[in-house]
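Below is one structure; the comments refer to it alone.
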Amino acid sequence: MAKTILAVDDSASIRRMVGFTLKGAGYEVIEAVDGQDALEKARARQANLVLTDQNMPRVDGLSLIRSLRALPQYRAVPILVLTTEASDEMKAQGRAAGATGWLVKPFDPKRLVDVIRRLIG
Amino acid sequence: MGEGTKQESAAARSLLDAYAEICGRETRGVRGDLAQLDGLLADAAARLAASFERLSALASRCCTDAYIEPRPAANDAPQDAPAPAAARPASDEAASAFSEAVTALQFQDIASQLVGHAAARLEALERIASELARLGDASPEALSRTLAAAHGDLRASPVGQRRLSEGAVELF
């Protein structure tokens, strides 16, 4: 059975490119348009990995990570941040919030799939 | 306050009012231009992505058995030039090209964040001009505090990228 990835980004073009890449690699992809939407979808259906943007309306990436880590079913699920933000300060905040890794946009499809395979197979 | 000082103060206030009005009008205009640019970029990205997906589906059907021959060496190439690479399956070549396209097609999100940041900076400038006009009679210290507070509202740009090459990956 295909592993499920929750892909969260307010940019339709990024969601499209992430979906194209991950579906092509055999994963099932649930899309969410912001942190609030992601939280609702994460509660409704268990994902094996979460890939989230940082700067989003309503609930941003770091707040989403904190909320997910507070849910027992997402305590051990890998959460990757995919963002334009590249500062060490933001990365430190992400790590403190419970992120598993930090990827700076734009992503290379093969590299993204390699990282995800390392984390969830 | 002497009559001369009052007149100077009124003149300064009038100038600040005029500046705030011009600043507001112009920044609103530029913000409108930026919003239009953002919309155009989103539309272009959506169309490119749709074409990209169609081409990808076509390529996966067409390239399966085809091979791409390496480009022949130029006539003036030296005799001891390295031998050309062997022919690569077209599917490999297509996969590599599509991979590069996926990276490049992320331009809209990055550009849109820069546009949004530029608009926020303009909005802050407009706010500063408006505050200065409102505080026209205030002391230099009060004006200075207002400027410092307004400047403090400006967040650093969320985008550091200058090219669309792959970003860094770090696992914690």
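Can you give me the number of residues within segment A:96-111 that are surrounded by 21 or more Cβ atoms within 10 Å (Cβ to Cβ), of a type in the set (A, V, I, L, M, F, W, C) and within 13 Å of residue A:79 (Cα to Cα)? Total satisfying the criteria: 3.
Residue-wise test of (1) open to solvent by 10 Å² or more (accessible area, probe 1.4 Å); (2) within 10 Å of the chain's Cα centre (by Cα); (3) within 11 Å of chain B (Cβ to nearest Cβ).
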| site | (1), (2), (3) |
| --- | --- |
| A:37 | yes, no, no |
| A:57 | yes, no, yes |
| A:68 | no, no, no |
| A:72 | yes, no, no |
| A:89 | yes, no, yes |
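Only residues that are within 20 Å of residue B:26 (Cβ to Cβ) and over 13 Å from the mean Cα position of the chain (by Cα) were counted across segment B:100-120, and they come to 0.
A single entry from A:62, A:80 fulfils the requirement of being modelled with pLDDT of 95 or more, more than 21 Å from residue A:3 (Cα to Cα) and surrounded by 17 or more Cβ atoms within 10 Å (Cβ to Cβ): A:62. Within segment A:18-28, the residues that satisfy the criterion of being open to solvent by less than 40 Å² (accessible area, probe 1.4 Å) and either in contact (Cβ under 8 Å) with a residue 24 or more places away in the chain or assigned to a loop (DSSP other than H, G, I, E, B) (or both) are A:18, A:21, A:22, A:25, A:27. In this structure, residue A:41 does not satisfy being facing chain B (nearest Cβ under 8 Å), among the basic types (Lys, Arg) and open to solvent by 50 Å² or more (accessible area, probe 1.4 Å). In segment A:60-88, the residues that are touching a residue at least 40 places away in the same chain (Cβ under 8 Å) form Cβ pairs under 7 Å with partners that are among the polar types (S, T, N, Q) and surrounded by fewer than 23 Cβ atoms within 10 Å (Cβ to Cβ), at six or more places apart or across chains, as follows: A:78/A:100. Listed conditions (1) of a type outside the set (A, V, I, L, M, F, W, C); (2) touching a residue at least 40 places away in the same chain (Cβ under 8 Å); (3) within 18 Å of residue B:51 (Cα to Cα); (4) surrounded by fewer than 20 Cβ atoms within 10 Å (Cβ to Cβ) are all met by residue A:48, apart from (3).
The values are calculated or read from the model by the stated rules, or taken from the named source; none is laboratory data. Quick caveat: nothing in here was measured; it's all calculated off a predicted structure. Glycine also receives a Cβ, built like all others from the backbone with ideal geometry; neighbour counts cover every protein chain displayed. Protein only, heavy atoms only, side chains kept; ligands, DNA and RNA dropped before computing areas. Shrake-Rupley method; radii C 1.70, N 1.55, O 1.52, S 1.80 Å.
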